[in-house]
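Worksheet for the structure shown next.
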Amino acid sequence: MNLHEYQGKELLASYGVEIQRGKVANSVEEAVEAYKSLQEETGTDFCVMKAQIHAGGRGKGGGVKLCKNMDELKENANTILGMMLKTPQTPGGIDGPGKLVRKVLIAEDVYAPDFDACKEFYISVMMDRAEKKNVIIYSTEGGMDIEEVAENTPDLVHKEHIDPLLGLQAFQARKIAFNLGLSGTAFKGMVKFINSLYNAFIGADASMFEINPCLKTGDDRILAVDCKVALDENALFRHKDLAEQRDELEEDPTEVEAKNLGLNYVKLDGNVGCMVNGAGLAMATMDIIKLSGGSPANFLDVGGTADAERVEQAFKIILRDKNVKAILINIFGGIVRCDRVAQGVVDAYKNMGNIEVPIIVRLQGTNADIAKTIIDESGLSVRSAILLKEAADIVKEVVA
């Protein structure tokens, strides 16, 4: 689950991470009030307006603006609020539809008064699955796309692996501050920043924190100017307050609907829809589709109760994707019998009327032979298979 920048900063602040102060606004009127309040706190007319969407690269798309006075603030608020912001990370990239900006963050100008004395860094915390450890990735080249830095100047990207059983050690935080070229007050500030950031990562059961940029100000303070936060959804039951911050308007509406129906669905860019029970089998099904010359259009795990109603719901969700040219149903009958699933497919097909794309059903396990007979004798335009290779051959045939 992703958080907005302003939500992520609130989370960081609760763990003692110093942040760029700001106030969120949902309208031009609220932006004006937030600006006035920030003026009183900071004593300056300058502020930064940031579009709040779940995507990076907002500045490149015109979603981040410096406001020097009230007139500029109103002008920028009128422009940014309601715009379809396109960045390399919004759906379809800069050529896609973009994301609707519903709220903005009015943030303090932390680069004043001595811009030249400021220094931007990149810092992120995530899990390194290969090493089975958490890792802090950091660089002196903050404010830039870290992928470009890693490709062009890999020596400027550092990693500090952390044993999850031991936790972050004092020498590791000092090592990071040293490698970033800091000394004196800024060195101590970075050590504190790293410790607090890692505590927030562990405490919130996050899967990623990305601070870009992390700023050393002219007076040697270390603070988070921007942040991306991704939380582990499997741990949200421990964080009811964070779960309530979910913004479903920022998520794919089909994925949200599937989640509400109890289906595990992720939209992809392919042409073969998948309906499977079990995450492992779903991954194997996606692999076999690729090997057959197709490309999976989705990941969809219907779970262990693939009755007619559930199958019909899954059909409807898959068929909303206009790129789907065929649907492969791959069910292993263990807890649920294959003949019950087959009957569910037939009933759902009849309830939905004419389905124009080819449907391939592969059922293996308890009563698989009976299930194949049900499919074959249904009179419907559904092709059945028992072996996975059979299903793969049919997929290859229909998407060729």
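The values are calculated or read from the model by the stated rules, or taken from the named source; none is laboratory data. Only a predicted model underlies this, so the values are computations on that prediction, with no experimental measurement involved. Note: ideal-geometry Cβ built from the backbone for every residue, glycine included; neighbour counts use all protein chains shown. Just the protein is used for accessible areas: all its heavy atoms, side chains included, with ligands, DNA and RNA removed. Shrake-Rupley method; radii C 1.70, N 1.55, O 1.52, S 1.80 Å.
Here are some notes:
- Among residues of region 349-383 being of a type in the set (S, T, N, Q) and within 36 Å of the chain's Cα centre (by Cα), the one that is surrounded by the fewest Cβ atoms within 10 Å (Cβ to Cβ) is ASN354.
- Condition met for GLY43 (in contact (Cβ under 8 Å) with a residue 40 or more places away in the chain and either open to solvent by 50 Å² or more (accessible area, probe 1.4 Å) or closer than 20 Å to LEU215 by Cα (or both)): no
- Residue count for region 319-337, restricted to those that are under 25 Å from the mean Cα position of the chain (by Cα) and under 17 Å from VAL398 (Cα atoms): 4
- If the condition is being more than 20 Å from ILE386 (Cβ to Cβ) and free of Cβ contacts under 8 Å to residues at least 12 places away in the same chain, then region 284-308 contributes only LYS290.
- Any hit, region 212-221, residues being of a type in the set (A, V, I, L, M, F, W, C), within 24 Å of LYS50 (Cβ to Cβ) and open to solvent by less than 30 Å² (accessible area, probe 1.4 Å): yes
- Any hit, region 51-58, residues being buried (at least 20 other Cβ atoms within 10 Å of the Cβ) and of a type outside the set (A, V, I, L, M, F, W, C): yes
- Residue in region 9-18 that is most open to solvent (accessible area, probe 1.4 Å), counting only those that are more than 16 Å from VAL64 (Cβ to Cβ) and out of contact with any Ser or Thr (no Cβ under 6 Å at 6 or more places or on another chain): GLU10
- Top-ranked residue of region 93-130 - restricted to ones that are touching a residue at least 40 places away in the same chain (Cβ under 8 Å) and small (Gly, Ala, Ser), ranked as surrounded by the most Cβ atoms within 10 Å (Cβ to Cβ): ALA107
- Looking across region 113-137, the residues that are in a strand (DSSP E or B) and in contact with a Ser or Thr (Cβ under 9 Å, 6 or more places away or on another chain) come down to LYS119, GLU120, PHE121, TYR122, ILE123, MET126, MET127, VAL135, ILE136, ILE137.
- Considering LYS9, LYS65, the condition of being touching a residue at least 12 places away in the same chain (Cβ under 8 Å), closer than 25 Å to THR217 by Cβ and outside any helix (DSSP H, G or I) is satisfied by LYS65 alone.
- Assessment of region 312-332 against the conditions (among the small types (Gly, Ala, Ser) and closer than 20 Å to LEU268 by Cα) yields at least one matching residue.
- Filter result (within 15 Å of the chain's Cα centre (by Cα), modelled with pLDDT under 90 and assigned to a loop (DSSP other than H, G, I, E, B)) within region 216-265: GLU251, ASP252
- When region 19-40 is limited to residues that are without any contact (Cβ under 8 Å) to a residue 24 or more places away in the chain and open to solvent by 70 Å² or more (accessible area, probe 1.4 Å), the one that is nearest to LYS74 (Cα to Cα) turns out to be GLU29.
- Residue satisfying all of: in region 227-244; buried (at least 17 other Cβ atoms within 10 Å of the Cβ) and not aliphatic (A, V, I, L, M); nearest to ALA279 (Cα to Cα) among these: HIS239
- Output for region 238-267, where each listed residue is without any contact (Cβ under 8 Å) to a residue 40 or more places away in the chain and in contact with a helix residue (DSSP H, G or I) (Cβ under 8 Å, 6 or more places away or on another chain): GLU248, VAL256, ASN264, VAL266
- Hey, LYS175 more than 22 Å from CYS227 (Cα to Cα), open to solvent by 70 Å² or more (accessible area, probe 1.4 Å) and modelled with pLDDT of 90 or more or not: yes
- Residue among GLY143, GLY184, GLY203, GLY167 that is within 21 Å of the chain's Cα centre (by Cα) and at positive phi: GLY143
- Selection of region 384-400 for residues being open to solvent by 70 Å² or more (accessible area, probe 1.4 Å) and among the small types (Gly, Ala, Ser) yields only ALA400.
- All positions within region 66-77 that are under 28 Å from the mean Cα position of the chain (by Cα) and surrounded by fewer than 16 Cβ atoms within 10 Å (Cβ to Cβ): LEU66
- Filter pass, LEU182 being in a helix (DSSP H, G or I) and either at pLDDT 95 or above or open to solvent by less than 50 Å² (accessible area, probe 1.4 Å) (or both): no
- Screening the candidates VAL276, VAL302, VAL311 for the property of being surrounded by 21 or more Cβ atoms within 10 Å (Cβ to Cβ), closer than 27 Å to GLU251 by Cα and in contact with a Ser or Thr (Cβ under 6 Å, 6 or more places away or on another chain) yields one hit, VAL276.
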